[in-house]
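The values are calculated or read from the model by the stated rules, or taken from the named source; none is laboratory data. It should be emphasised that the depicted structure is a prediction, and the values quoted were computed from it without experimental measurement. Cβ atoms come from the backbone with ideal geometry, glycine included; neighbour counts cover every protein chain shown. Keep in mind that these areas ignore ligands, DNA and RNA; they rest on the heavy atoms of the full protein, side chains included. Shrake-Rupley method; radii C 1.70, N 1.55, O 1.52, S 1.80 Å.
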Amino acid sequence: MKIKRSKKFKNGVVYCLELQDGMLIETTDTFLPYDPTNAIGRPQNKLDNTNLGDRSERWMIGVSTMSGCPVRCKFCATGNMKRYRNLTADEIVAQVEFAINQSGCNPKDAKEFKINYTRMGEPFLNIEAVKEAIRRIKEKYPNTHHYV
């Protein structure tokens, strides 16, 4: 995988990665405070930019399960890609390792470490590879929370 583009935010980064066959995927590396009590009463999707936490608190890596997607949900730009394919378990796990390596942090140091299978593609159209990726990630990082 190589980085095609990336965009940094105060609480993380989103990567557009190119696979060996030229297909593109999206991977995110973000973090939030572990204690969300200061979010009560705030409008949704607004962060307290003075207290975003760090990767030692709530660290979330978002991975793609497909490159492109055949579902074409109206809210998602992924359906506009001309081609799509399922990712292998190796490609899904590689995104997690990529984000960890880029961050320079250790997931074992985080109070909460989450993998979200919600970037590009519908995970249930590739559920066998997702299940195998979860098995491998849990083996290496046993305290990981997985969200499909």
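Going through (1) in a helix (DSSP H, G or I); (2) under 27 Å from ASN11 (Cα atoms) one by one, PRO142 falls short only on (1). Contact map, the stretch 21-46: first residue at pLDDT 70 or above, second residue open to solvent by 80 Å² or more (accessible area, probe 1.4 Å), Cβ cut-off under 6 Å, separation 6 or more or different chains; pairs are GLU26/ARG119; TYR34/LYS111.
Quick one: PHE98 ticks every box in (1) open to solvent by 80 Å² or more (accessible area, probe 1.4 Å); (2) in a helix (DSSP H, G or I); (3) in contact (Cβ under 8 Å) with a residue 60 or more places away in the chain bar one, so which box is it? The failed condition is (1). Please indicate, with yes or no, whether at least one residue in the stretch 107-116 is closer than 21 Å to CYS16 by Cα and open to solvent by 10 Å² or more (accessible area, probe 1.4 Å). Yes, the stretch 107-116 has at least one match. Among the residues of the stretch 7-19, those identified as outside any strand (DSSP E or B) and either open to solvent by 40 Å² or more (accessible area, probe 1.4 Å) or modelled with pLDDT of 90 or more (or both) are LYS10, LEU19.
Of the residues that make up the stretch 70-85, is at least one among the hydroxyl-bearing types (Ser, Thr, Tyr) and modelled with pLDDT of 95 or more? Within the stretch 70-85, not a single residue is among the hydroxyl-bearing types (Ser, Thr, Tyr) and modelled with pLDDT of 95 or more. For the stretch 48-95, filtering for residues that are open to solvent by 20 Å² or more (accessible area, probe 1.4 Å), free of Cβ contacts under 8 Å to residues at least 12 places away in the same chain and not in a loop (DSSP other than H, G, I, E, B) leaves 3. The residue that is most open to solvent (accessible area, probe 1.4 Å), counting only those in the stretch 20-30 that are more than 11 Å from the chain's Cα centre (by Cα) and more than 15 Å from THR78 (Cβ to Cβ), is GLN20. Applying a threshold of 9 Å to beta carbon distances and a minimum spacing of six or more residues, or different chains, the list of pairs starting in the stretch 107-127 at a residue that is under 12 Å from THR27 (Cβ atoms) and ending at one that is among the acidic types (Asp, Glu) reads ARG119/GLU26; MET120/GLU26.
Please go through the stretch 18-35 and give me each residue that is among the aliphatic types (A, V, I, L, M) and within 14 Å of GLU112 (Cβ to Cβ), ordered by number.
So in the stretch 18-35, the residues among the aliphatic types (A, V, I, L, M) come out as 19, 23-25, 32.
Across the stretch 18-35, the qualifying residue is only LEU32.
For the stretch 140-148, the condition of being loosely packed, with under 15 Cβ neighbours inside 10 Å, β-branched (Val, Ile, Thr), at negative phi and at pLDDT below 95 holds for at least one residue. Of all residues in the stretch 119-136, those satisfying the criterion of being out of contact with any helix residue (DSSP H, G or I) (no Cβ under 6 Å at 6 or more places or on another chain), more than 19 Å from GLN20 (Cβ to Cβ) and either buried (at least 16 other Cβ atoms within 10 Å of the Cβ) or small (Gly, Ala, Ser) (or both) are GLU122, ILE134.
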